[in-house]
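The values are calculated or read from the model by the stated rules, or taken from the named source; none is laboratory data. Treat the numbers as computed from the prediction; the structure is a model and nothing was measured. Quick reminder, even Gly has a Cβ in these numbers, built from the backbone with ideal geometry, and neighbours come from all protein chains shown. For accessibility, only protein heavy atoms count, side chains too; no ligands or nucleic acids. Shrake-Rupley method; radii C 1.70, N 1.55, O 1.52, S 1.80 Å.
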Amino acid sequence: QVQLVESGGGVVQAGGSLRLSCAASGNIFRVDNMDWFRQAPGKQRELVAGITSGGNTSYGEPVKGRFTISRDNAKNTVYLQMNNLKPEDTAIYSCHADVRSTRWTTYKDYWGQGTQVTVSS
């Protein structure tokens with residue numbers, strides 16, 4: 001009943017920038033926390049950044065100072081601005097959100113399909 005769709009991935013040279021977007025749609029009563037995760041081949045999935053419904057943010061150590069997470073509650077969308085990209089940032093980036101579909105139900109975890117980010121050289 002709820003879908004998360006990521007966009008903005010692509011190929012960029014080291015030192016470049018990219019902005020990812022994740023829009024939630026469907027049967028939505030309230031969107032709570034939203035997060036970005038990433039997973040590179042042969043590596044475990046890791047939390048990149050998170051943002052609460054109130055706008056408080058947190059970041060994984062490898063991206064602090066380079067990435068910025070933000071959200072537009074009116075659009076049920078979360079963004080990830082990635083600057084000074086490094087080859088080690090190459091991964092599939094996935095959006096996660098806690099969503100309540102109705103006022104009578106508890107929140108559920110939803111995941112997007114993921115978008116590929118490749119940083120060359």
Exercise. Would you mention how many residues in region 1-56 are within 12 Å of the chain's Cα centre (by Cα) and under 16 Å from R71 (Cα atoms)?
Key: 20
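Scan region 3-20 and tell me whether some residue there is open to solvent by less than 70 Å² (accessible area, probe 1.4 Å), closer than 17 Å to T115 by Cβ, among the polar types (S, T, N, Q) and out of contact with any helix residue (DSSP H, G or I) (no Cβ under 6 Å at 6 or more places or on another chain). Walk me through how you get there before you give the answer.
Residues of region 3-20 that are open to solvent by less than 70 Å² (accessible area, probe 1.4 Å), as a first pass: 4, 6-10, 12, 14-18, 20.
Restricting the remaining residues to those that are closer than 17 Å to T115 by Cβ gives 4, 6-10, 12, 16-18, 20.
Restricting the remaining residues to those that are among the polar types (S, T, N, Q) gives 7, 17.
Now narrow it down to the ones that are out of contact with any helix residue (DSSP H, G or I) (no Cβ under 6 Å at 6 or more places or on another chain): 7, 17.
Yes: one or more hits.
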Self-check item: Residue match in region 80-87 (condition: over 14 Å from G16 (Cα atoms), open to solvent by 60 Å² or more (accessible area, probe 1.4 Å) and either part of a strand (DSSP E or B) or not basic (K, R) (or both))
Solution: no
Quiz item: Got a number for residues in region 103-121 being open to solvent by 40 Å² or more (accessible area, probe 1.4 Å), over 12 Å from A14 (Cβ atoms) and assigned to a loop (DSSP other than H, G, I, E, B)?
Solution: 6
